[in-house]
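One structure below.
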Amino acid sequence: MGTSGIGGTSVLSIRIDQELLERLRHHAAKRGMSVQDYVVRTLIRDDFDQRFQSAVEETEKFYASPEP
């Protein structure tokens, strides 16, 4: 999986519950991915969703009718 955005990569170490790790392994395996790639793609998708929602909200504010 390539990098996206500006700059290089960094390392993020997290401590997670064993049960959650097993679920992540299962989800990743179903997609033929490593747990690391699965988690990174999930975070990228969530980040995109949040940025998209913010853009929608800003657009709605811009085009909103002024209150009388």
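The values are calculated or read from the model by the stated rules, or taken from the named source; none is laboratory data. This is a predicted model, so every value here is computed, not measured. Here the Cβ is made from the backbone with ideal geometry for all residues, glycine too, and neighbour counts use every protein chain on show. When the accessible area is computed, the model is the full protein with side chains, heavy atoms only, and any ligands, DNA or RNA have been set aside. Shrake-Rupley method; radii C 1.70, N 1.55, O 1.52, S 1.80 Å.
Please go through the stretch 30-44 and give me each residue that is part of a helix (DSSP H, G or I) and surrounded by 10 or more Cβ atoms within 10 Å (Cβ to Cβ), ordered by number.
Here is the first cut: in the stretch 30-44, the ones part of a helix (DSSP H, G or I) are 30, 35-44.
The answer is Val35, Gln36, Asp37, Tyr38, Val39, Val40, Arg41, Thr42, Leu43, Ile44.
Pairs only if they're at least six apart or on different chains, beta carbon under 8 angstrom, first in the stretch 15-36 and of a type in the set (S, T, N, Q), second surrounded by 11 or more Cβ atoms within 10 Å (Cβ to Cβ); list them, first residue then second.
Ser34/Ala28
Tally the residues that are open to solvent by 70 Å² or more (accessible area, probe 1.4 Å) and either modelled with pLDDT of 95 or more or over 16 Å from the mean Cα position of the chain (by Cα) (or both), restricting the search to the stretch 12-28.
Start the filter on the stretch 12-28 by keeping residues that are open to solvent by 70 Å² or more (accessible area, probe 1.4 Å), which leaves 12-15, 17-19, 22-23, 25-26.
Add one more test, that the residue is either modelled with pLDDT of 95 or more or over 16 Å from the mean Cα position of the chain (by Cα) (or both), and what stays is 13, 15, 17-19, 22-23, 25-26.
Adding up the residues that qualify gives 9.
Scan the stretch 34-43 for residues that are farther than 14 Å from Leu12 by Cα and among the β-branched types (Val, Ile, Thr) and report the count.
1
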